[in-house]
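Data block below; observations after.
The values are calculated or read from the model by the stated rules, or taken from the named source; none is laboratory data. Predicted model only: the values in this text are computed from it and were never measured. In this analysis, Cβ positions are derived from the backbone assuming ideal geometry, glycine residues included, and neighbour counts consider all displayed protein chains. We work out accessible area using only protein heavy atoms, side chains counted, and drop any ligands, DNA or RNA first. Shrake-Rupley method; radii C 1.70, N 1.55, O 1.52, S 1.80 Å.
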Amino acid sequence: VHTCAGEWTWILDRGRVIERDECGKPLRMAGVEIDITARKRSELELKKAQEFLMSVLEHIPNMVFVKEADNLRFVQFNKAGEDLLGYSRNQLRGKNDYDFFPKEEADFFTQKDREVLATKRLLDIPSEPVQTKERGTRILHTKKIPLYDEAGKPQYLLGISEDITERMQREQALRESEQRYSSLVSQATDIIYTAGLDGRFAFVNAASCSVMGYREEELLGKHYLDMIRQDFRETAQRFYQRQIAERVASTYLEFPAVRKDGREIWFGQRVELRFKDHAVVGVEAIARDITARKMAEQALEERAKCA
């Protein structure tokens with residue numbers, strides 16, 4: 001009803017006939033009117049809250065589903081779940097895993113569901129395959145948790161699944177690439193190493209050990225200046241400090257080094273800066289033995305002096 005104050009009020013009106021004439025026509029009625037405005041407002045607020053919650057669920061990019069606890073039949077699905085599995089929520093509601101997935105997958109899903117309901121704890125499944133209708137097998141990261149009734153008994157099971165198929169493919173490709181790189185590095189005849197900003201070796205390949213005459217454990221943690229001939233260390237240190245300070249991505253330097261047995265070797269070395277979050281965290285270097293070339297150059301210089 002519209003009040004004289006210009007507001008709308010909800011009224012619950014109940015009445016009954018208390019007197020009729022000889023023909024049964026109502027003469028008098030008695031009734032009661034109850035102001036239920038507060039209740040209706042609460043109901044509207046609850047409806048808005050439910051609609052908001054459903055809107056949130058619909059826009060979550062991961063699959064969200066709810067199963068009833070007794071027979072594990074689906075009762076709710078969001079849009080992402082429909083898109084992932086390839087079935088509409090109407091097709092899914094009232095069905096269980098065995099209606100859509102291969103028996104082996106359905107057995108696994110059901111086992112995990114029962115585990116969640118029995119332990120009454122959140123279950124995190126980092127990786128599980130699921131056969132979809134149109135997109136083939138996808139890999140999901142799923143979390144499941146029970147939802148309780150007023151008596152504290154599990155009434156539903158809530159699940160949230162993230163499709164991690166592409167991420168796992170990228171990680172696998174990266175692992176394979178790293179394995180190929182590691183294989184190439186280990187078989188390389190050039191010295192390859194990494195060092196932190198403190199100048200100490202963090203990684204050395206097999207050639208580093210064989211060329212310099214050290215075991216791997218002797219080189220790791222050793223400072224790169226310890227490998228350079230004494231009279232050239234200050235020059236090398238200034239060179240690389242300037243590279244780091246000026247963030248020069250790549251530099252080249254030739255220098256004399258000393259093996260463990262004391263024999264001198266000349267190297268031509270390319271040094272690349274290593275970055276993390278745009279900050280320099282160390283260097284990666286490839287060094288090649290140029291001793292023969294240096295000796296030839298020195299011989300030519302001596303001949304020129306004698307000529």
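Cα to Cα, under 29 Å, and not fewer than 8 places away if on the same chain: which lysines meet these conditions relative to LYS294?
LYS222, LYS260, LYS305
Compare LEU273, LEU44, LEU184 by solvent-accessible area with a 1.4 Å probe and give them largest first, with all protein chains kept in place.
If we order LEU273, LEU44, LEU184 from most to least accessible, we get LEU184, LEU44, LEU273.
Need one word for segment 132-272: rounded, prolate or oblate. Basis is the Cα gyration tensor (sqrt eigenvalues a ≥ b ≥ c); a/c below 1.5 gives rounded, then a/b vs b/c decides.
Prolate, because a/c is 1.5 or more and a/b exceeds b/c.
Roughly what % of DSSP beta bridges within the chain run antiparallel, to the nearest 5?
100 percent
Only four residue types carry charge here, +1 at the Cβ of Lys and Arg and -1 at the Cβ of Asp and Glu. Report the dipole size of the chain about the Cα centre in Debye, rounded to the nearest 20.
220 debye
If you line up the Cα atoms of segment 42-178 on their principal axes, what length do they span on each, largest first, in Å?
In descending order, the Cα extents are 59, 31, 28 Å.
Where in segment 219-307 are there chymotrypsin sites (Phe, Trp or Tyr not before Pro) that are in a DSSP coil and have at most 13 other Cβ atoms within 10 angstrom of their Cβ?
In loop regions of segment 219-307 (DSSP not H, G, I, E or B), there are no sparsely surrounded chymotrypsin sites (Phe, Trp or Tyr not before Pro).
In square angstrom, what is the accessible area per residue of the chain with a 1.4 angstrom probe?
It amounts to 65 Å² per residue over the chain.
What percentage of the solvent-accessible surface of the chain, computed with a 1.4 Å probe over protein heavy atoms, is contributed by carbon and sulfur atoms?
Summing carbon and sulfur atoms, their accessible area is 53 percent of the total for the chain.
Using DSSP to call loops (not H, G, I, E or B), can you name the trypsin sites (Lys or Arg not before Pro) in segment 223-307 whose Cβ has at most 13 other Cβ atoms within 10 angstrom?
Those satisfying the criteria are ARG247, ARG259, LYS260, ARG263.
Starting from the Cα gyration tensor of segment 116-187, multiply each eigenvalue by 5, take the square root, and state the resulting semi-axes largest first in whole Å.
Values for segment 116-187, descending: 39, 15, 7 Å.
Given (i) 1.20; (ii) 1.13; (iii) 1.38, which label gives Rg/Rh (Cα atoms, Kirkwood Rh) as computed from the coordinates?
Recomputing Rg/Rh (Cα atoms, Kirkwood Rh) here picks out (iii).
Among LEU44, PHE101, ALA80, which residue has its Cα positioned farthest towards the positive end of the charge dipole of segment 38-124, with +1 placed on the Cβ of Lys and Arg, -1 on the Cβ of Asp and Glu, and the dipole taken about the Cα centre?
It is LEU44.
From the phi of every residue in segment 287-294, what ³J(HN,Hα) in whole Hz does the Karplus formula 6.51 cos²θ - 1.76 cosθ + 1.60 yield, where θ is phi - 60° and glycine or proline is x?
Each residue's phi maps through the Karplus curve to give 10, 10, 5, 10, 4, 4, 5, 5 Hz.
Step through the residues of segment 132-144 one at a time and calculate ³J(HN,Hα) from phi using the Karplus curve (6.51 cos²θ - 1.76 cosθ + 1.60, θ = phi - 60°), rounding each to whole Hz and writing x for Gly and Pro.
Using θ = phi - 60°, the values come out as 9, 6, 10, 10, x, 7, 10, 9, 10, 9, 10, 10, 10 Hz.
So for GLU51, GLU22, GLU171, what's the accessible-area order with a 1.4 Å probe, most first?
GLU22, GLU51, GLU171
Convert 10 °C to kelvin, take the viscosity as 1.306 mPa s, use the Kirkwood radius over C-alpha pairs of segment 197-261 as Rh, and evaluate the Stokes-Einstein diffusion coefficient in µm²/s, rounded to a whole number.
Once the numbers are plugged in, D ends up at 124 µm²/s.
Please list 125-134, 206-215 highest first by mean number of surrounding beta-carbon atoms within 10 Å per residue.
Top to bottom by mean Cβ count within 10 Å: 206-215, 125-134.
Which of LYS67/LYS120; LYS103/LYS143; LYS48/LYS144; LYS40/LYS144 have a Cα-Cα distance over 24 Å?
LYS48/LYS144; LYS40/LYS144
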